[in-house]
Every structure is written in C-alpha cells, then in structure tokens.
1. Could you tell me the center-to-center distance, by alpha carbons, between the stretch A:1-28 and the stretch A:71-106 in angstrom?
2. Checking a compactness column here: for chain B, what do you get for Rg(Cα) / (2.2 N^0.38 Å), N being the number of residues?
3. With each pseudo-label sitting 7 Å past Cα toward Cβ, what's the A:E196-A:E116 distance in nm, one decimal?
4. Among A:G37, A:H60, A:V161, which residue has its Cα positioned farthest towards the positive end of the charge dipole of the stretch A:19-161, with +1 placed on the Cβ of Lys and Arg, -1 on the Cβ of Asp and Glu, and the dipole taken about the Cα centre?
5. Based on other C-beta atoms within 10 Å, arrange B:H88, B:H66 from fewest to most.
6. Check A:G22: other-chain or 5+ apart residues with amide H under 5 Å from its amide H, H built from backbone geometry?
7. Hey, if you put +1 on the Cβ of every Lys and Arg and -1 on every Asp and Glu Cβ in chain B, which of B:V228, B:F175, B:G99 ends up farthest toward the positive end of that dipole?
8. Step by step: find N for the stretch B:172-293, compute 2.2 N^0.38 Å, then divide the Cα radius of gyration by it. What's the final number?
Amino acid sequence: MTTLLQLSGVSFGYGGKPIVAGVDLSVDAGDFIGIVGPNGAGKTTLFRGILGLLPVLSGHMRRLTEAVGYVPQRENLDAIYPVTVEEVVEMGAYSRLKSLGGIARADRELASACIERVGLTDMRRAPFSSLSGGQRQRVLVARGLMASPKLLLLDEPTSGVDRTAQARIIELLIDLNQREGMAILLVSHQLAMVRETVRKVLWVSEGHVLHGDANELLRPENLDRLYATGEPKSTAKA
Amino acid sequence: MDIPWADRLALFQFALLAALCAGLVCPLLGALLYLRRTSFYGITLPQFATAGVVFGFVALPWWIEHIGLGGLSVEVALSDSHAAMNYHVAWAAVFTFGGLLWLDFLARRSRQDVGRVAAAFAIASAATILFSRLSVVGASFVEELLHGEVLGVGLHEFETLAGLLSLVLLAFGFFHKQLVFVSYDREMALVLGVRVFAFETLLTLITGLAISVGTMTLGPLIVFGLLVVPPLAARAWSRSMKSYLILSSAFGVLAVVLGVVASFELDLPLSAAIVAVAGLELLPGLALNRLRR
C-alpha cells in the first residue's frame, strides 16, 4: 500500500496551545477514514492541521503526495458572490494560473470532466447560489477533484442536506474511493452515515484520538461509553 | 448655459477624461469591497485620503522650509495646489494606507465590522475639519475639496490619475481571478498554495492607490460614489463573476457619461450629478429583484 499521509505523535492547536495531542495516523491509498467525536472535541483542529492550516506543535507530519483535494463546508462560502458552477470548479486550478492569461485549456477541460463526474453538466452555467445544498456540495467535490487528488479531505460533506442528496454524495465518494482508489478522509458529526460508509474511524475526544474499525468503534453500546468517558469498551489500533 | 457642447467638452476635457477613468476603475475595486462585505471602506477610506490632503497643507510650510518641494515657495504651493499635486497625493496615500492597515488590523481582532468602520469614518471626518483649522488654506478649501471641484482638473492631474489608475487596472486585469479567489474562499486558497498574503496585500495597495489619487484629483464624493453604487447596481443583473465585474465597470462609466450630460444640461455640480445618476442605476435592479420574488 502506498502511504499518502503520516502523523507520528502530532499535536495541533492555536497560539502554541495544543488542542489535540499525540495523534498517530497513517493514511494509505484506498483508505476511507472518518473523523468523528463530540462537538468542541478538536475534530476541526485536527482536520485543519492535516490540511496544513495550523502548525505542527510537536511530533512529525509527512505528506507524501502533493495531490490532495479539499472540500470545505459549503456554509463557509458567501452567497453574495455571483459565481457560476463552472467558475467555482475552475478555482480548483487557480494555484496553476500563470497570472497573465486565463485558465489553461487543459484545466478548462478538466473542470468540465469534474463537473460531469459529479453529474452537474447541465447546471455548469447556473449561479452557485441558486443550487440546492446537495448540489452545492457536489460542486465543491468537483472543485476538490481539480487537484487530481490521491487524497480527498472533506469537512462535513453531508451536513444540512436531505437524505436523497446525502445518499448521492455518499454514493459519489464511495465510487471515487472504490473505482479510483482515492483515499478519503472526512469529518462528520453524522455517526450513522460514517458507520455505514467508512472503514476506519478516528474518534476525537478532549484532545485525544482513538483509532478503530468503524463498525466496532461506533456500535451503539460503544457510543454511550465513548460520550461518557471518551474510552470504548475495546479499542483496535489502526 | 449657452456654450456649445463641443466647446464645453474641449474646455473640460481633462476633467471629463479623469472622471471616465475613475468610472472605469473604481467600480472594479468597489465590486470586491462589496463582495468582501467591506463597502463601508469605500466611504471611509476617501475620508482618510481627504484628511491626508488637508494635513498636507498643514505640514506644507514646515515641509518646504526643511525638506523642500522642487523649488516651490510656500506662497506658490498654497495658491496653486496643482503645482504640489504629487506632494498631496503622497499625503492622501499615507493616510489611506494607514486607515486601511488600521481597519485590517482591527478586523483580524474583532468581527464588529460596521461599528469599527463607522468609528473610523467619524474620526477621519473630525481630523479633516481640525486639520483645516490648523492649515493656512482654511475651511473654504476643504469645503471645495469635499464637494469635488472636478471641472478644475488640469493636464497634470489627469496624467497622474490616468497613469496610476492604469497601473491599478493592469494589476486588476492580470490578477482578478486570484483576488476573487482569496476573497471568496481564503482557506481553500491557502490549502492550494496560492500566495494569499501577497494577493491580499496587492488588493490593499491598488485600493489605497486608486482612492488616494482619485480623492486628490476628483474629490471624495465621486470616489466613494463610484466605489459603492455601481457594484451594487450591477449585482442584480449578474449571473457570473465575469459579468459582474464587466457590468460594475459599465455602470460606472455610464454614470459618468449621463452625469456629465445632466450636469451640463441642468447646470448641476458634476460630482453630485454623477453619483445621483449612479443612484438611479439602482432602480431597475430593485425592480428586477422584486419581480423575482
């Protein structure tokens, strides 16, 4: 298995103060991992740290691929911007802009392919703000795919969308993972969805991280104990 | 007035060309201010620029005595502000950038955006009046500056304005995608390795530059009018970022052209006429939004 991301005893936090500490994690090609835990436990801190938005306070993090896609929460994007689906997706190639020209033809074609991949070709010229929550989320997945990623990181991809939209997003992620071997790491507070979708889980609680098999760690009887004590009945090392 | 149109255009050609330049460029920057929800900057920063210009008059006698101003005497520099234009633009820039950096610094510490910007506007306005009392040019000059004596723009002012706004337009044209991206989704831009700090600094620089030279040349009213109103009018008609930027600029130029016509035909002050026309441009968009509901 090709390792894409490796964390050894890593701590992340703000202002030099660790919020999550001692994280050991290895993400290999084809992995499907969920980061879950109570609100305020440090999920977002861990996720932002993995993205490189927070400094590593201690330990070592090695990103072994540059091909990393990121899908933010769609609520973070202001609807006042009159951007089309196409414009949003093309932003995924803006790190490759050569400043004096527009977007390269190859990137335009890639954007069309990514839009098609998420099933929104008919809406490519539609204003992003006019789409439903689920459609917007798929647009952001398409933008994440512009990096031709080996590792895709998603922040609450199914939050606030209806069940049908949620199912389509999950179906898309499973397809990317199984057919293209893309490693996926997602943060979510929707435990049922995570249990049914991912294989490995990182349970973040009070700044510490537990690893485990999704079906094992997120069993209902385990969850009660996890919320109460931060410890499962039995923990499997990832 | 019964002066033929051709003569009026010839007489005020530099003023009108300067206003057209501002009509083209200011709304582009204003569009980004609007999208970043910092439109109040468009009102507050020209006030900082005005305070800078007036402070320049306060400091002028000292400056000429200790540093010099291209051989100008205090009397010449005071009686002919055109002669010392670069000096005044420089002071406008110092105050504008100072205000912009101050507001950005406060924005990182607190999310009370509207109150903070309103307080900055009040302080800059008060400083303008106080400086005018301290300067030898007095309050009447400040009144003139605030109302924007656009028609007095000469060749040198136009050249300075056109030169600097061309730089702003070039920078905007080359980097508008990145400027929009770091405004729209800063976190994603950081993750992708886009030089976010560099582009945010570029936006600060070109905004400050346009406001400084625009305020010194045309007055604060026309500058903040063109920064704020055309982008607002264009938003209702825009379905993409590209069309939004083009329409903002087009509404700015249209406001200048129709404002000039209104000013000449109805004998109105030019700055106020341009901003009033820009205000009228809001009406079709409001009607469209009502129809959409």
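Computed from the coordinates by the stated procedures, all read-outs in this text should not be read as laboratory data. Since this is a predicted model, take the numbers as computed values, not measurements. Counting neighbours? That spans all protein chains shown, and the Cβs are built from the backbone with ideal geometry, glycine included.
1. What the calculation gives is 29 Å, centre to centre.
2. On the way: Rg = 19.3 Å, N = 293, 2.2 N^0.38 = 19.0 Å.
Ratio of Cα Rg to 2.2 N^0.38 Å: 1.01.
3. 3.1 nm
4. Most positive-ward Cα: A:H60.
5. Working: B:H88 26, B:H66 8.
By the 10 Å Cβ count, ascending, the order reads B:H66, B:H88.
6. HN-HN under 5 Å from A:G22: A:V10, A:S11.
7. So the residue we want is B:F175.
8. On the way: Rg = 16.8 Å, N = 122, 2.2 N^0.38 = 13.7 Å.
Taking the Cα Rg and dividing by 2.2 N^0.38 Å, one obtains 1.23.
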